[in-house]
Amino acid sequence: MANEQKKIIAGIVAEYNPFHNGHAHLIQKTRAAGATHIVAVMSGNFVQRGDFALLRKHQRARAAVESGVDLVLEIPLPWAAAPAERFADGGVQVLQATGLVDCLAFGSECGDAVALRQVAGVLMSREFPALLRRELTAGDSFAAARQRAVSALLGPETGNLLASPNNILGVEYCKALLRHKSAMHVLTVSRRGAAHDGALHSGEHPSASALRALLTGGERERALKLLPPAMGQAYLEEEVAGRAPVLASACERAVLARLRSMTEADFAALDPGREGLCNRVYQGARSAWTREELRRNAKARRYPEARVRGMVLWAYRGRTPAKRPERMA
């Protein structure tokens, strides 16, 4: 027993929508860094961008286990289908609740855990809110104002970390660790391949969005060749059973019917900050013929499409922010 290897358990927060080679790369690097076991916390049947997952959660979880993960747990819906800060917080809460996880592993453009934790600390500092409010008065987006505020405190080079989506999510993970006083340390791996939501280029690991576009856009065979074997097999089995791909367009009429049955007060409950987005979605739902048209009409410089998708999903499911718990029981 004296020579028994010490167990080091790493946690990964993911969606695996679908599981791709970049995810496999993170698992390999996490193992190489000393992790003996990996626990993945994964979205269920709805994902962070306010959309339906391409495949059922059970099949995505199976593909992850067959590709090197030891255990897959689910992020509850109030955190899974939410903006990045809440999504990251939910994932960290699940990992923390196990009482087993030693480190949190994730991919980032910078690959610098120290820098990401530094940005997280500034975002949670007492000085930051006032500086952010000052930058917001310029009328720019929240993301741009936040980046300028961080640059003012830490310098442009560090502030520019918030220009990249995986860095942003990494900062949110670090904030969640600080918020919950977690003892987990951070392992971040430089992201390889196509950028998040980036186009597909030869020789790169394709992004999840590029793979979804292939699978739903008539290039299924090409997509299957780019997927890890376990994920490709899971997709084929679901397709044969008539359960893949899962597309929000299949229930488009139901979504629009639900939104058109809602009152202005119902929409106001979805936007407790009274930022005006609820009014744009309310008006858009009464004139749009498709979900895409609704999102296009409702979004604005201040309201990115992801927020519109999220509000539409919450409205369709009959949920409001008031019904969302802040902490898991």
- Residue in segment 261-288 that is modelled with the highest pLDDT, counting only those that are outside any helix (DSSP H, G or I) and open to solvent by less than 60 Å² (accessible area, probe 1.4 Å): M262
- Task: Give just the number: which of (1) at pLDDT 95 or above; (2) buried (at least 19 other Cβ atoms within 10 Å of the Cβ) does E239 not satisfy?
- Result: (2)
- Message: One residue is enough: does segment 263-277 have a residue meeting the conditions among the hydroxyl-bearing types (S, T, Y) and in contact (Cβ under 8 Å) with a residue 12 or more places away in the chain?
- Response: no
- Note on the structure: Residue count, segment 120-163, condition closer than 22 Å to S108 by Cα, open to solvent by 30 Å² or more (accessible area, probe 1.4 Å) and not in a helix (DSSP H, G or I), comes to 1
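Can we say L55 is surrounded by fewer than 23 Cβ atoms within 10 Å (Cβ to Cβ) and modelled with pLDDT of 95 or more? Even if it seems obvious, please write down each step before you answer.
On the way: surrounded by fewer than 23 Cβ atoms within 10 Å (Cβ to Cβ): no; modelled with pLDDT of 95 or more: yes.
No.
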- Can you tell me which residue in segment 107-119 is nearest to the chain's Cα centre (by Cα), limited to those that are in contact (Cβ under 8 Å) with a residue 60 or more places away in the chain and open to solvent by 10 Å² or more (accessible area, probe 1.4 Å)? G107
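Are any of the residues in segment 21-38 of a type in the set (V, I, T) and touching a His at 6+ places or on another chain (Cβ under 6 Å)? Before the answer, list the steps.
Here is the first cut: in segment 21-38, the residues of a type in the set (V, I, T) are 27, 30, 36, 38.
With the extra rule that they be touching a His at 6+ places or on another chain (Cβ under 6 Å), the set shrinks to none.
Checking segment 21-38: not a single residue is of a type in the set (V, I, T) and touching a His at 6+ places or on another chain (Cβ under 6 Å).
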- Task: For residues that are basic (K, R) and in a helix (DSSP H, G or I), scanning just segment 242-260, find the one that is most open to solvent (accessible area, probe 1.4 Å).
- Result: R253
- Message: Can you tell me which of (1) of a type in the set (V, I, T); (2) touching a Ser or Thr at 6+ places or on another chain (Cβ under 9 Å); (3) surrounded by fewer than 23 Cβ atoms within 10 Å (Cβ to Cβ) is the one T36 doesn't meet?
- Response: (2)
- Task: Please tell me if Y303 is of a type in the set (S, T, Y), surrounded by 13 or more Cβ atoms within 10 Å (Cβ to Cβ) and at pLDDT 90 or above.
- Result: no
- Item | So A322, is it of a type outside the set (S, T, N, Q), at pLDDT below 85, within 23 Å of S141 (Cβ to Cβ) and not in a loop (DSSP other than H, G, I, E, B) | no
- Note on the structure: Matching residues in segment 167-184 (buried (at least 20 other Cβ atoms within 10 Å of the Cβ) and either out of contact with any Leu (no Cβ under 8 Å at 6 or more places or on another chain) or of a type in the set (K, R) (or both)) number 4
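The values are calculated or read from the model by the stated rules, or taken from the named source; none is laboratory data. Here the structure is a predicted model, which means the values were calculated and not measured. Note: ideal-geometry Cβ built from the backbone for every residue, glycine included; neighbour counts use all protein chains shown. With ligands, DNA and RNA removed, areas are computed over all heavy atoms of the protein, side chains included. Shrake-Rupley method; radii C 1.70, N 1.55, O 1.52, S 1.80 Å.
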